[in-house]
1. Which order do peptides 158-165, 302-309, 267-274 fall in by mean Cβ count within 10 Å, highest first?
2. Looking at the chain as a GNM with Cα springs under 10 Å, which of Gly58, Gly205, Gly123 has the largest mean-square fluctuation?
3. Using all C-alpha to C-alpha distances in the chain, build P(r) with 20 Å bins and read off the rounded percent in each one.
4. Pulled fully out, how much extra length does the chain show between Phe21 and His122, if you take 0.36 nm times their separation in residues and subtract their Cα-Cα distance?
5. What is the distance in Å between the Cα centres of segment 156-230 and segment 37-77?
6. Counting pairwise Cα distances across segment 228-268, what percent come out greater than 17 angstrom?
7. Where both partners of a DSSP beta bridge lie in the chain, what percent of those bridges are antiparallel, to the nearest 5?
8. What's the long-distance tail for segment 249-320, i.e. % of Cα pairs beyond 16 Å?
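Values in this text are rule-based calculations from the coordinates and carry no lab data. These numbers come from a predicted model, not from an experiment. So basically every Cβ, Gly included, is an ideal-geometry build from the backbone, and we count neighbours across all protein chains shown.
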Amino acid sequence: SETLVEVENLKKYFPIVKGVFSKTVGYVKAVDDVSFTVRRGETLGLVGESGCGKSTLGRTILRLLDKTAGNVFFQGQDLYSYKKEQLRRLRPKMQIIFQDPFSSLNPRMTVENIIGEALIDHGIVPRNEVRDKVIEAIQDCGLAPYHSKRYPHEFSGGQRQRIGIARALILSPEFIVADEPVSALDVSIQSQIINMLGDLQQQRGFSYLFISHDLSVVKHISHRVGVMYVGSLVEMAAKEELYHHPAHPYTKALLSAVPIPDPAVRRQRILLQGDTPNPANPPPGCKFHTRCAYVTPRCKEEVPAYREIAKDHFVACHVI
Ligand code: SF4
Ligand code: MG
């Protein structure tokens, strides 16, 4: 199917500065040479431990952060070649849903104003139609019309996330980065929100980059899943392939921690030794080599190529 977003050798490094002259003494390699595509109408799940660079990747793809190197193409156009005004006009097409619905909603604004603001900013509908549009948007996200007059503190966490989703969807985006959209919510609410996100996608055909630290969260909604470790993609495959035939040792370890509903199936828990490396000073070669049970001398020197081992199944590992 058609490619909507193409990420090509993307890097995002944050300088580490020291001293009164703010001398750059190193870099945190938050996103370190990442390549993949997002197809039209799909959900690409992106998993990895907190701090592995998932959120930074999502923001750099949307140009909410500036890249260090590499390219991002949106609908075939080089996103980083856009001038500020062109980018502003494109912005409705590329939206983000944040992890924390509490901090991303202005407490002094009603829901109608919070959601309507974006419509007015982008001049999408005349002012006198904003109210109706907002009510339609919140209803699509499972809230009643009267909720539009209320303030964020009057809502539960799940309702606030529905408001955050309505705010993104009212702009008719093509691409949505959902950054841990259910991580701040009770488990009982999580599946409601995930189901709603899936239904909305079915109806409207947009794409998600769905970021989570939890493989069981992305499992239901994703068509494909990518796994990140210390700024790098280590594996990506169709969901069934990744969950049933993981190839990378890190993916296998992550999956071993996911409970299986079928009591007849037992999976050996793989406990990773040691800590996650500091992205300011990652190990040479394969960044996973300090914790990998299959490590070879080559792993400590040579960065493994990210390559296709089966159709649509990409892995960065020397021994596969
Ligand atoms: Fe393990 Fe080597 Fe593969 Fe890295 S490249 S995951 S250290 S076997
Ligand atoms: Mg994050």
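1. Put in order of decreasing packing, that is 158-165, 302-309, 267-274.
2. Gly123
3. Bins of 20 Å from zero give 30, 55, 14, 0 percent of pairs.
4. Fully extending the segment from Phe21 to His122 adds 32.3 nm.
5. 15 Å
6. On the way: 274 of 820 pairs.
More than 17 Å apart: 33 percent of the Cα pairs in segment 228-268.
7. Details: 32 of 50 bridges.
If I count the DSSP bridges inside the chain, around 65 percent turn out antiparallel.
8. Everything past 16 Å amounts to 58 percent.
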